[in-house]
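The values are calculated or read from the model by the stated rules, or taken from the named source; none is laboratory data. Remember, it's a predicted structure, so these values are computed and weren't measured experimentally. Here the Cβ positions follow ideal geometry from the backbone for every residue, glycine too, while neighbour counts run over all protein chains shown. With ligands, DNA and RNA removed, areas are computed over all heavy atoms of the protein, side chains included. Shrake-Rupley method; radii C 1.70, N 1.55, O 1.52, S 1.80 Å.
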Amino acid sequence: MNKKERLVAAIENGTVIDHIPAEKTYQVALLLGLFNLTTPVTIGNNYLSKKIGKKGIIKVSDKFFTDEEISRLSVVAPKIVLNIIRDYEVVEKKTVDTPDELRNIVKCNNPKCITNNEPMQTIFNVVDKDSGILKCHYCDKEQDINKVELC
Ligand SMILES: [Zn+2]
């Protein structure tokens, strides 16, 4: 195992989330509900990365995320990689797929939208996955996935 692989695979079983842009590490942890887990979680930040400058790495023991949970990350860090670890080995690498629909993940940027005035979930349809254009299900306002505010 080389140095780089050791950095990733330091847990026995679980998930190592890698290539998180450093400024998004906290949001990734929030979106995955890591602060509610009872299993060990290690959050590291500002590691040097040739690809993205500074990056975060999150190690979560004994936790494997569903594709639905992983798809939530498309709003903050679409390029991250999730390494699935079993018995200290990376057995699978998962990347983030932008879903067709985002439920209660981002806020609508239209102040008059009903979702900003009533206690209710937001629903966005992803109209263009490549350029990251979302459209509010209620008011039809489009927004850029890179500029959204999280719920
Ligand atoms: Zn709206």
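For the stretch 14-95, what are Rg and Dmax over the alpha carbons, in angstrom?
11.7, 33
Place a +1 charge on the Cβ of each Lys and Arg in the stretch 54-115 and a -1 charge on the Cβ of each Asp and Glu, then give the dipole magnitude about the Cα centre in debye, rounded to the nearest 20.
480 debye
Relative contact order for the stretch 1-114: what is it in percent, counting Cα pairs under 8 Å that are at least 6 residues apart?
32 percent
Please list, short to long, the whole-number percent of alpha-carbon pairs of the chain in consecutive 10 angstrom bins beginning at zero.
Percent of Cα pairs in each bin: 11, 38, 31, 16, 4, 0.
Express the accessible area of the chain per residue in Å², computed with a 1.4 Å probe while the remaining protein chains stay in the model.
60 Å²
With springs only between Cα atoms under 10 Å apart, run a GNM on the chain and tell me which of Val126, Val76, Val91 wobbles the most.
In the Gaussian network model the winner is Val91.
Only sites in a loop by DSSP and with at most 16 other Cβ atoms within 10 Å count here; which trypsin sites (Lys or Arg not before Pro) in the stretch 72-151 make the cut?
Lys79, Lys112, Lys129, Lys141
Contour minus end-to-end for Asp140 and Asn110, with contour as 0.36 nm per residue of separation and end-to-end as the Cα-Cα distance?
Result: 9.8 nm gained on full extension.
Got a number for the accessible area of Thr66? Probe 1.4 Å, square angstrom, nearest 10.
70 Å²
Could you work out [θ]222 nm for the chain from helices alone, using -39500 (n - 2.57) per DSSP H run of at least four and dividing by all its residues? Round to the nearest 500 deg cm²/dmol.
When only DSSP H runs of four or more count, the value is -2500 deg cm²/dmol.
Taking the Cα centroid of the stretch 102-126 and of the stretch 15-59, what is the distance between the two, rounded to the nearest whole Å?
About 26 Å separates the Cα centre of the stretch 102-126 from the one of the stretch 15-59.
Report the charge-dipole magnitude of the chain in Debye, nearest 20, computed about the Cα centre from +1 at each Lys and Arg Cβ and -1 at each Asp and Glu Cβ.
That gives the chain a dipole magnitude of about 660 debye.
With charges only on Cβ, +1 for K and R and -1 for D and E, what is the dipole size of the stretch 14-95 about its Cα centre, in debye, rounded to 20?
Dipole magnitude for the stretch 14-95 comes out near 420 debye.
Mind checking the log10 I(q)/I(0) for the stretch 101-144 at q = 0.16, 0.29 Å⁻¹? Debye, one equal scatterer per Cα, no solvent, two decimals.
For the requested q values the scattering log ratios are -0.34, -1.04.
Given a Förster distance of 30 angstrom, what is the FRET efficiency for Ile123 paired with Tyr88, based on the Cβ-Cβ distance and rounded to 0.05?
In this case the efficiency is close to 0.15.
Which three semi-axes in whole Å describe the equivalent ellipsoid of the stretch 71-139, each the square root of 5 times a Cα gyration tensor eigenvalue, listed largest first?
31, 13, 8
In whole percent, how big is the carbon plus sulfur part of the accessible area of the stretch 62-151, probe 1.4 Å, protein atoms only?
For the stretch 62-151, the apolar C and S fraction of the accessible surface comes to 43 percent.
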